[in-house]
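Before any comments, here is the structure.
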Amino acid sequence: MPAPTPNAVPFQPLADLVTPSPRFLRRKQAGAYLTEKYGFGAARTLAKGAVTGDSPEFHKAGRIVLYTREALDKWALAKIGAARKSTSDI
């Protein structure tokens, strides 16, 4: 085994180098997350759903609405229907 060089950078696990993503997403970030991952669910859709009751579960910090990724995923998956072969399938 070769001797370590004096300027060698010590090994760091990848988990230590990656900054964790925030626990909560604001509405605009949540809309971008849903659109990127599922192809639907823009920020305006989330805003309307918060009024009509058709939105993911959210938290509030003052007047700021916050979503967790888990709540966004659960809501989006519930919106997606079963696979179909025809538009006339029920």
### Rh (Kirkwood; distinct C-alpha pairs) - the stretch 22-79, Å
11.0
### For the stretch 70-79, Karplus couplings with θ = phi - 60° (6.51, -1.76, 1.60), whole Hz, Gly/Pro x
4, 5, 5, 4, 4, 5, 5, 5, 5, 6
### Task
Would you list which aspartates and glutamates come within 18 Å of LYS79, measuring only between C-alpha atoms, while excluding same-chain residues fewer than 8 positions from it?
GLU36, ASP54, GLU57, GLU70, ASP89
### Query
Please identify the trypsin sites (Lys or Arg not before Pro) of the stretch 42-90 that satisfy two criteria: DSSP loop assignment and at most 12 other Cβ atoms within 10 Å. Which are they?
ARG63, ARG84, LYS85
### Query
Residue by residue through the stretch 84-90, which ³J(HN,Hα) values in whole Hz follow from phi under the Karplus form 6.51 cos²θ - 1.76 cosθ + 1.60 (θ = phi - 60°), with glycine and proline marked x?
10, 10, 8, 5, 8, 5, 8
## Note on the structure
Amide H contacts under 5 Å for PHE58, restricted to residues at least 5 apart in sequence or on another chain and with H modeled in the peptide plane, are none
### Net charge contributed by nearby residues that have their C-beta within less than 13 Å of LYS28 (K/R +1, D/E -1)
+2
### Message
Once you place label points 7 Å from the Cα toward the Cβ at ILE80 and ILE64, how far apart are they in nm?
### Response
3.0
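Just so you know, all these numbers are worked out from the coordinates, no wet-lab data involved. What you see is a predicted model, and the numbers here were worked out from it, not measured in a lab. Note that we place each Cβ from the backbone using ideal geometry, even for glycine, and neighbour counts take in every protein chain shown.
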